[in-house]
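Enquirer: Below you will find the structure I want to go over with you.
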Amino acid sequence: MKRSSTVRCCSVMVEIGSLWQEQTVVLFFLRRFGCQVCRWMSAEVSKLEKDLKANGVALIGIGPEETGVKEFMDGGFFKGEIYIDEKKLCYKDLGFKRYNAVNVIPAAMGKKVREIASKASAEGIQGNFSGDLLQSGGMLIVAKGGEKVLLHFVQKSPADNISLEDMTKALGISANVQAGEKPQCNEDVCTR
């Protein structure tokens, strides 16, 4: 990724490389702030926030647009800082693909998406269809100073996410959290 790519936080533009200069950082790239699956994943990742902080690791969420950010923040889905990459340069640099009108519907209706959406609904997490429906996301974990990428995860489908265990393993830390169980799809759960 180009160190000169910028993201915005609270109307202030920052160079992406500055985020890992002073500390190791987990950068969670959301597809959309209104995405129900992204909200559930954000809540999962946020379970690590205390352990990350205790180990000097920053938790940062990055969204591709301003649409839905207020509702997302008000909902308390994510416990880290939030940045916006309006030009989607970081998304492009990291290989986070964009869907098109032909492949977005099958991707969004896949079994894994339905499973997580069902789990999110059961936990009271709702979503909407506002904003860019075509962007995918992922995660980047960069060591302090930027000399080493500890993890680079690219979603292949909207429901792909990195496990909390894989995150802590990449960081070399332990955590005292229980990952949410993804529901198993069956006739009752995934056909609604």
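Enquirer: Name the residues whose placed amide hydrogens come within less than 5 Å of the amide hydrogen of Lys79, ignoring near sequence neighbours (fewer than 5 apart) on the same chain.
Expert: For Lys79, whose amide H was placed from the backbone, the distant partners under 5 Å are Ser46.
Enquirer: A 30 angstrom limit on the alpha carbon distance is what I want to check against. Which of Lys119/Lys148; Lys70/Lys156; Lys111/Lys144; Lys70/Lys112 exceed it?
Expert: On the way: Lys119/Lys148 35 Å; Lys70/Lys156 27 Å; Lys111/Lys144 37 Å; Lys70/Lys112 27 Å.
The pairs that break the limit, which is 30 Å between Cα atoms, are Lys119/Lys148; Lys111/Lys144.
Enquirer: From the gyration tensor of the Cα coordinates in the stretch 1-104, what semi-axes in whole Å does the equivalent ellipsoid have, largest first, with each one equal to sqrt(5λ)? Before the final figure, lay out the partial values.
Expert: Working: eigenvalues 86, 67, 33 Å².
Semi-axes (√(5λ), whole Å): 21, 18, 13.
Enquirer: For the stretch 28-162, report the accessible area per residue in Å² (1.4 Å probe, heavy atoms, rounded to an integer). It would help to have the intermediate numbers written out before the result.
Expert: Numbers: 6160 Å² over 135 residues.
Value for the stretch 28-162: 46 Å² per residue.
Enquirer: Here's another thing I want to ask about it. Cα centroid distance between the stretch 68-125 and the stretch 133-168, in Å?
Expert: 13 Å
Enquirer: In addition: Considering only Phe78, Ala120, Val104, whose Cα is most displaced toward the positive end of the charge dipole of the stretch 70-149, charges sitting on Cβ of Lys, Arg (+1) and Asp, Glu (-1)?
Expert: The Cα lying farthest towards the positive end belongs to Val104.
The values are calculated or read from the model by the stated rules, or taken from the named source; none is laboratory data. Because the structure is a prediction, the values reported are computed rather than measured. As a convention, Cβ positions derive from the backbone with ideal geometry for all residues, glycine included, and neighbour counts pool all protein chains shown. Please note that ligands, DNA and RNA were not included when accessible areas were found on the heavy atoms of the full protein model with its side chains. Shrake-Rupley method; radii C 1.70, N 1.55, O 1.52, S 1.80 Å.
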